[in-house]
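Chemist: Starting off with a structure, shown below.
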Amino acid sequence: MIELNDWKRAVIKVGSGLIAPGGVKCSSKYTLPIAAFITECINRGKEIVLVSSGAVAAGLSTQPQLLKKNHRSIPEKQALAAIGQTLLMASWSRFFDFPCSQILLTYDDIHNRKRFVNAKNTIKKLLELGTLPIVNENDTVATEELKVGDNDNLAAYVAMLAEADLLIICTDIDGLYDSDPKKNKNAKLIPVVEKIDSSIFQIASNSKNPIATGGMRTKIEAAQKATELGIDTIIINATKSEVFDYLLNGKLMGTIFKKNKNPIAAKKLWMLHALQTNGKIYIDTGAAKAILKKGASLLPSGITNVEGEFKKGEAVEIYVKDGNDLKLIAKGITQYNSNELKKIQGKKSIQIKNILGYQTTEEVVHRDELVLTELE
Ligand code: GLU
């Protein structure tokens, strides 16, 4: 059995399939052992943030007329989330002697740096105050295109916000298998994933539990985000209560995705995964080499083309030509807007002042504000 490193702060993600095994109404069947585990962890001085799905399923229990509908409208789903969220909170709160606190987040709260920092400070304070923060997506106000969309990825963002050292994804299968165990009885469990690459994504079947939003793919996406930041991520079968007994003894029954040994700083990770880009900068191979191999900043001389309209301070994608293909190598915050860049592209930094009449900085994207898409 795999030994789990000691950890101090964990984000625990519990999916709808565990909260509402029948598809409607919060059940205590699996959440009670999870709550007992959370309490025991807190008694041992650990800190927990819970990411809980199940609002829509809980809301359905009060609206039998919507239960029969195959396709619910967006306002119907949003209303169900609003009704169910209070039931969900009540369902969790009854298990604990300490207060629970509710945080509803959506894509915007993670992609807007100010709101990100704000949410981070609140979570920190809620933990200091001895509460159990319970997070869900703000389904009631988030429109489809502005949602994180699944609570696996949301949990990874929360692990980043909470600066957790462990992400625990609770599901109803034993971990990551080399093929879909529901279709192939010879499927083998993979206990340890040292590095998440495309082969890991390939084996993640897209088969889904009808109640759950994400399949294995979203769990691996979440693990990728978290491990890059230095957060070990585990997938466990929370329908088996013995899994929690083992966990409390530092042993894992499930799959661990090992944290990256050289985690990138939180700001860079946020830039990579969360920051919305507004344009593209194409650079030559010399500049790409300097950025990739020498830790250099992006200077105007290396720029060959600029696409899109963006302002100073916005994020851009940086591409290099690789044979006939364009390769995304980095994301970064630009010090010049797209019009300025079109004028200074290919020019030396000392010419900036002559061309524009002013110079903000020598670099177009400073190294500290640049993150490589393929992490070293
Ligand atoms: N936020 C959704 C809910 O509470 C669940 C999303 C998910 O399970 O990934 O119903």
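The values are calculated or read from the model by the stated rules, or taken from the named source; none is laboratory data. No experiment lies behind these values; they were computed from the predicted model shown. Counting neighbours? That spans all protein chains shown, and the Cβs are built from the backbone with ideal geometry, glycine included.
Chemist: Within the set of pairs 6+ apart or on separate chains, which have a first residue in the stretch 214-230 that is within 17 Å of residue 274 (Cβ to Cβ) and touching a residue at least 60 places away in the same chain (Cβ under 8 Å), a second that is of a type in the set (Lys, Arg) and not in a helix (DSSP H, G or I), and C-beta atoms under 6 Å apart?
Modeler: 230/259
Chemist: Looking at 32, 66, 18, which one is in a helix (DSSP H, G or I) and without any contact (Cβ under 8 Å) to a residue 24 or more places away in the chain?
Modeler: Sole residue among the options that is in a helix (DSSP H, G or I) and without any contact (Cβ under 8 Å) to a residue 24 or more places away in the chain: 66.
Chemist: Return a yes/no flag: does the stretch 238-258 have any residue that is acidic (Asp, Glu), over 30 Å from residue 308 (Cα atoms), buried (at least 16 other Cβ atoms within 10 Å of the Cβ) and at pLDDT 85 or above.
Modeler: no
Chemist: Let me ask something additional. What number of residues in the stretch 37-60 are out of contact with any Gly (no Cβ under 7 Å at 6 or more places or on another chain), hydroxyl-bearing (Ser, Thr, Tyr) and within 16 Å of the ligand (Cβ to nearest atom)?
Modeler: 1
Chemist: Does the stretch 258-274 contain any residue that is farther than 23 Å from residue 230 by Cβ and of a type outside the set (Ser, Thr, Tyr)?
Modeler: Checking the stretch 258-274: not a single residue is farther than 23 Å from residue 230 by Cβ and of a type outside the set (Ser, Thr, Tyr).
Chemist: Can I ask one more? For the stretch 152-206, name all the residues that are assigned to a loop (DSSP other than H, G, I, E, B), of a type in the set (A, V, I, L, M, F, W, C) and either touching a His at 6+ places or on another chain (Cβ under 9 Å) or touching a residue at least 60 places away in the same chain (Cβ under 8 Å) (or both).
Modeler: 164, 173, 176, 190, 196
Chemist: Next question, about the same structure. Has the stretch 135-151 got at least one residue that is closer than 30 Å to residue 1 by Cβ, out of contact with any helix residue (DSSP H, G or I) (no Cβ under 6 Å at 6 or more places or on another chain) and crowded, with 16+ Cβ neighbours inside 10 Å?
Modeler: Yes: the stretch 135-151 contains one or more residues that are closer than 30 Å to residue 1 by Cβ, out of contact with any helix residue (DSSP H, G or I) (no Cβ under 6 Å at 6 or more places or on another chain) and crowded, with 16+ Cβ neighbours inside 10 Å.
Chemist: Under the condition of being among the polar types (S, T, N, Q) and surrounded by 15 or more Cβ atoms within 10 Å (Cβ to Cβ), which residue from the stretch 61-92 is nearest to the ligand (Cβ to nearest atom)?
Modeler: Filtering the stretch 61-92 for residues that are among the polar types (S, T, N, Q) and surrounded by 15 or more Cβ atoms within 10 Å (Cβ to Cβ), the one nearest to the ligand (Cβ to nearest atom) comes out as 85.
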